[in-house]
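To start, the structure itself, in structure tokens.
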Amino acid sequence: MCANYEGFFKKFHESIDNCMDDVTKNNFTNLETNSKRVLYLCSLPAIKSYDLRGDIEKSETGGEFPVKKDLEKARKLKDEGNKAVQKGDWAKALQLYSQSMLFVPRKETEELSILYANRSAALNHLEQYEETLSDIKRCLSLGYPRHLRYKVYERKARTLLVLKRNQEAITAFQNTISALDEAEGLNKEKRQKMRTDAKLMLEILNKGLTLAGNPKDPEPLKKTPPKPKLPGKNNAQYPAASEAIQIDFDEKKGRYATATRDIQAGETLLIEKPFSGVLLGEYSKTHCQNCFIKCSIPLPCPNCPNVVFCSEKCSDTAQKTYHNYECQILPLLWKSGCSVTCHIALRMITQNRKEYFNEISANIDDKPTGVYKTNDYRNIYHLVAHEDERTKQDFLHRSQMAVSW
Ligand SMILES: [Zn+2]
Ligand SMILES: [Zn+2]
């Protein structure tokens, strides 16, 4: 993964290699399956007595990948964000609040709600209005302090005005007026001024809407680009492929495709989501862990400070599947110095629930027939592995990696 990063696996691998005499290596070479290889290595005294935990602990202190949330650090970053606000540097404030969120422990919901409120102010100044509304929604759902709510309701109302969502703005101004009753810290004059302003806005908005015949609010803007589509019909057997190709299998050629009609230059023939993919460690704080897009307004993982998500949808998908298993061990994977291929191999398993594998394990050796499903693990399991062309050193190396995890 990190080409210049030498993890603890290398030391483990070299040390175990040195301990294995020719007989042991020969015994290993004669094994036929991966599970037998891993079991054999696990039984070796050199592996049983190896202090891998010691190596891991040495690499756990400090470094690029902190393992735990850290409230003190979160507060320090938030204070820096507040200082950036005082200087009018909203872009810097946005960045610092986002960084701070990463370190807020799950149970500190109020702290997190304040960060979302602060970030919504930065987003509003940066004219990112849809994002402002999303952060206000998050802040309120996390129990933002009642005596401060008038601020976010007012921000929400003004943001909705910019987006011409006047019906929603009316509700937000009404909420502002109610929330002002609880604004203990606000002096009487300011409170009165805000109340008068909000009431005036309500009057203007209501009049305007009546005159216009009470039109519906425009739909919120969607930024996700439309999904690509195949130009013609889909292949009945391989729905990810176009009907312009036919896919067959032959012992000699393996799986291959032939054209069923003339194909135009540049014509799309296949649109398929990868079965699995992982984000490199160095992008874990800048890109979504689930869909890999760059996140300028990231959402933190509730349980670790190591990854970010672009949306609640991506976060939920990850938390329900692979990140539930990987959350606490990701720094360990990165520090092991394992290759990205090893991490993908793990993700192929963690991205599905345990029940899924319980279900398919009974007939895992039968190649699936019928319509080809891209997300069926058995299709990956039955890919040609070219085991006869791999070296014994390669088998040893990969089995050791499995053992070290
Ligand atoms: Zn995403
Ligand atoms: Zn996590």
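The values are calculated or read from the model by the stated rules, or taken from the named source; none is laboratory data. For clarity, every value in this text was computed on a predicted model and none was experimentally measured. Counting neighbours? That spans all protein chains shown, and the Cβs are built from the backbone with ideal geometry, glycine included.
Within region 343-361, residues that are under 26 Å from GLY281 (Cβ atoms) sit with their Cβ atoms under 6 Å from residues that are buried (at least 17 other Cβ atoms within 10 Å of the Cβ) and of a type in the set (Asp, Glu), at 6+ positions apart or across chains, in these pairs: THR350/GLU326.
Here TYR5 meets the list (1) over 21 Å from THR391 (Cα atoms); (2) modelled with pLDDT of 75 or more almost entirely, failing just condition (2). When TYR238 is tested against (1) in a loop (DSSP other than H, G, I, E, B); (2) within 16 Å of ligand 2 (Cβ to nearest atom); (3) touching a Phe, Trp or Tyr at 6+ places or on another chain (Cβ under 8 Å), exactly one condition is not met: (2).
Residues of region 292-317 being away from ligand 2 (no atom under 11 Å from the Cβ) and among the hydroxyl-bearing types (Ser, Thr, Tyr), which ones? Give the steps one after another, and end with the answer.
Restricting attention to region 292-317, the residues satisfying the condition of being away from ligand 2 (no atom under 11 Å from the Cβ) are 292-299, 310-314, 316-317.
Scanning region 292-317 gives SER296, SER311, THR317.
All of (1) free of Cβ contacts under 8 Å to residues at least 40 places away in the same chain; (2) under 19 Å from the mean Cα position of the chain (by Cα) hold for VAL67 with one exception: (1).
Only residues that are at pLDDT 95 or above, part of a loop (DSSP other than H, G, I, E, B) and either closer than 20 Å to LEU346 by Cα or more than 10 Å from ligand 1 (Cβ to nearest atom) (or both) were counted across region 308-331, and they come to 0.
Any idea which residue in region 225-283 is farthest from PRO368 (Cα to Cα), counting only those that are over 34 Å from the mean Cα position of the chain (by Cα) and of a type in the set (Val, Ile, Thr)? So the residue we want is ILE263. Say whether the condition of being within 30 Å of GLU72 (Cβ to Cβ), β-branched (Val, Ile, Thr) and modelled with pLDDT of 95 or more is met by at least one residue in region 168-175. No, region 168-175 contains no residue that is within 30 Å of GLU72 (Cβ to Cβ), β-branched (Val, Ile, Thr) and modelled with pLDDT of 95 or more.
Of all residues in region 382-405, those that are closer than 20 Å to LYS48 by Cβ and outside any helix (DSSP H, G or I) total 1.
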